[in-house]
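Here is the structure we will look at, set down as structure tokens.
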């Protein structure tokens, strides 16, 4: 199986466990996910199967969107609802105050990921180390938050927010920071990823649906083609007479290719006779291969 599955990860399940489930359902050994979701979060988890795993680097940079409930009145050691309460307060912010403070959390901002995040150290997620009683100083990082929309009030002094951001952004940290800015302790009550680049929640399969389709032998029909999630990238087409060059993974002269104009270092999709063959990069006057992914039935 070569392609992508758009899976709606349930809350309470790790991203690795979802991959394990799909590995058993598909029998595909080359499988992984693009963009980890913490266990308590739900939503879009792109699954790469077979040759799609070679495209990981071209997926994880894409914009992501989340919907969360920021709960005011208590901060926790994990910055979410699973942790121990470390501070309380009843100075609940008004809608106007929340709207006033949100811009300070957009743009390029500095975050220090929680010890209870899914970042791996020594091959283990930090949340596993934290539950074993280990503490590691996690370095600060710069992340980009494109915008935060206030969606309305939620129960028990909550605020529903929609966050559009780049990779590596921790929504729990945004909730914690928003509480500090508003003068009232806060934590992330819930989190759903509604979009990850091309993949959206409205088209995602639940694991129950994936199991049912697998049982009917129809899960493969839900595979998303290799080049579909990377349509945002530039495209060039090699002429038919260059077929042997393409198949051999040779350099391709730029002046013989059709399609988008490329600057030095630009990354592009490469096609031959309308079929996707992989990812190339301009180096001087040639196109060199970054990831060659021959179509079914072709070998390099």
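Every number in this text was worked out from the coordinates using simple rules, so none of it is lab data. All figures in this text were calculated on a predicted structure; none of them were measured in a lab. Quick reminder, even Gly has a Cβ in these numbers, built from the backbone with ideal geometry, and neighbours come from all protein chains shown.
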- Average Cα contact separation per residue, segment 124-211, under 8 Å, 6 or more apart, as relative contact order %: 15 percent
- Can you give me the relative contact order of segment 64-196 as a percent, contacts being Cα pairs under 8 Å and 6 or more apart? 45 percent
- Message: For semi-axes √(5λ) of the Cα gyration tensor in Å, one of [x] 56, 23, 17; [y] 30, 27, 18; [z] 41, 22, 17 was computed from the structure I shared and the rest are decoys. Which label?
- Response: [z]
- Treating the angle as unsigned and between 0 and 90°, give the value, to the nearest 10°, between the Cα long axis of helix 171-182 and the longest Cα principal axis of the chain. 40 degrees
- For segment 233-292, what does the alpha-carbon gyration tensor say about shape, rounded, prolate or oblate, given a ≥ b ≥ c as the root eigenvalues, a/c under 1.5 as rounded, and a/b over b/c as prolate? rounded
- Item | Sequence-separation-based contact order of the chain, relative, with Cα cut under 8 Å and 6+ spacing, percent | 21 percent
- Note on the structure: Note on segment 64-196: alpha-carbon gyration tensor, axes a ≥ b ≥ c; rule is a/c under 1.5 for rounded, else prolate if a/b larger than b/c, else oblate; result oblate
- Going by how many other Cβ atoms sit within 10 Å of their own, how do 205, 226 line up, fewest first? 205, 226
- Mean shadow area of segment 102-141 over all directions, Cα convex hull, nm²: 3.4 nm²
- Item | Calculated SAXS-style log₁₀ I(q)/I(0) at q = 0.15, 0.19 Å⁻¹ - segment 165-300, Debye, Cα scatterers | -0.86, -1.04
